Structure formats: C-alpha cells, structure tokens
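Before any comments, here is the structure.
The values are calculated or read from the model by the stated rules, or taken from the named source; none is laboratory data. What you are looking at is a predicted structure, and each value in this text was computed from that prediction instead of being measured. The protein model used for the area step is the full one, side chains on, heavy atoms only, and it has no ligands, DNA or RNA in it. Shrake-Rupley method; radii C 1.70, N 1.55, O 1.52, S 1.80 Å.
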Amino acid sequence: YYRLSTYEVEIPPLRQRRDDIMLLFKSFLDETTRDYGIEHLTYPRELASLLQSYSFPGNVRELKAMVSRAVSMSRDGELPIEVFESMMENGGVLKPGSNNNSHIIFPDHLPSLKEVDRLLIEEAMRRSGRNQSAAAKLLGISQQALSRRLKEEQKKQG
C-alpha cells in the first residue's frame, strides 16, 4: 500500500464527464449483450440526451446496472427507455409496477416456490428468445442447471 499510495489518480465522477457517458453506455451494452448471448440491440435516439441529462449519483456502477437491467428487459431487439426513466426517477432502482411490465401481480394466494421457479424460468426463456445460455445468465444459474430443470418440467407435462 505504501508504494501504491505514492501515486494518486483522481477520476472525476461521471456527472463531470458527460462526454464519457455514451462511450461507457456502448461498452456496457456490448459487454452485457455478449454475456446474455444477444447479437444486436438498438436503443431509442432520445436515450443519449436522457442519459447525459442525468446526474448519476451512483456513478459508473449505476449506469452499468441500468444497461444490464434494460438488456434483460429488452423486447423486439430494442432497449426499453422506460427502464432507464424508472431507474432515474427512483434513485437507480427499478420500481415495481412502473411502466415496464416487470411487476408481478399475485392472485389472492401466494404461489408456491415451485410455481415461482417455473414462472421465472418461463419468463427468462421468453426474454432470451428461447436461448438457454442467455436465460441461465438472467436467472443467475448455470446453463446445465437450467437444462436439467427444463427437462424435469417436460417430464411432468409429458
């Protein structure tokens, strides 16, 4: 630590580096789509001005979280701007029930954990375009674990 503390590198917060926002956004977008196995996503033109007008209290990590969330919720090959707007309104957190169709409405009874597990897998498969590797990443499990669960579900239905 003594040797490292000899040199100080000051990196200003993202809100002071507006020119870096879209460079970082595109880098995070490339990284996230590659991780999810998605080939190409577009984003609305107005997203650039929206991002550059935001103060990013969470700095670069907040931008990365926004991109990751938007990629996981993308539909028809485009990032939903509503995800960014919702997270900006709520201090970097996606508020349940916002206009992004991400909220879950439970019936009068709570579903069992098995039912929730099945619903999460179905949703991840839908969002990933039936790509098991991408769905597994969305769920935070290995592709093999997802494949095993899908096979078990097929046996139950079959």
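If I compute solvent accessible area with a 1.4 Å probe over the protein chains, what percent of it on segment 3-78 is carbon and sulfur? Each step should come with its number before you reach the end.
Values: 2410 of 5090 Å².
Carbon-and-sulfur percentage of accessible area, whole number: 47.
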Margin query: Can you return the aspartates and glutamates within cross-link range of K155? Criterion is Cα-Cα under 17 Å, with same-chain partners fewer than 8 residues away left out.
Written below: E115, D117, E122
Checklist line | Which of Y43, Y54, Y7 is most accessible, then next, and so on - probe 1.4 Å | finding: Y7, Y43, Y54
